[in-house]
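Working notes, beginning with the structure itself.
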Amino acid sequence: MSNLVLHAVIVYKPYFKTKEEALAEAHHMFPNEKTKTFVRETESSFRVRLHPKTQFDKTSYITKVINPSLSLVFGKLKS
């Protein structure tokens, strides 16, 4: 897992009710990551992207469930 890079933070509803709350949680958890501006809302969650998906191999994603309110998505950067 050492060659994987954090791609996105997924925060689940109802623990986080707005995109702003999701973005604030991502900023709180990863203050040194600069690119936290894209938030996509689904029916059950908010996905905060830390790096664009175009930087990753499409088949390399791994999701790690941290707790009921949070999951982290890792991926392998393109060569």
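Bear in mind that the values in this text are calculations on the coordinates, not laboratory data. Since the model is a prediction, treat every value here as computed from it, not as a measurement. Virtual Cβ from ideal backbone geometry, glycine too; neighbours counted across all protein chains shown.
For first residues located in the stretch 1-21 and surrounded by fewer than 16 Cβ atoms within 10 Å (Cβ to Cβ), partners that are of a type in the set (V, I, T) and lie 6+ apart or on another chain with Cβ distances below 6 Å form the pairs K19/V39. Taking the listed residues I66, I62, the one that is under 18 Å from V5 (Cβ atoms), free of Cβ contacts under 8 Å to residues at least 12 places away in the same chain and aliphatic (A, V, I, L, M) is I66, with no other qualifying. Among the residues of the stretch 14-35, is there at least one that is within 13 Å of the chain's Cα centre (by Cα) and in a strand (DSSP E or B)? Within the stretch 14-35 (the criterion being within 13 Å of the chain's Cα centre (by Cα) and in a strand (DSSP E or B)), the answer is no, since none of the residues qualifies. Total residues in the stretch 58-79 satisfying the condition of being surrounded by fewer than 17 Cβ atoms within 10 Å (Cβ to Cβ) and either touching a Cys at 6+ places or on another chain (Cβ under 7 Å) or under 25 Å from A24 (Cα atoms) (or both): the figure is 9. Taken over the stretch 36-45, the criterion of being among the β-branched types (V, I, T) and in a loop (DSSP other than H, G, I, E, B) is satisfied by T37, T42.
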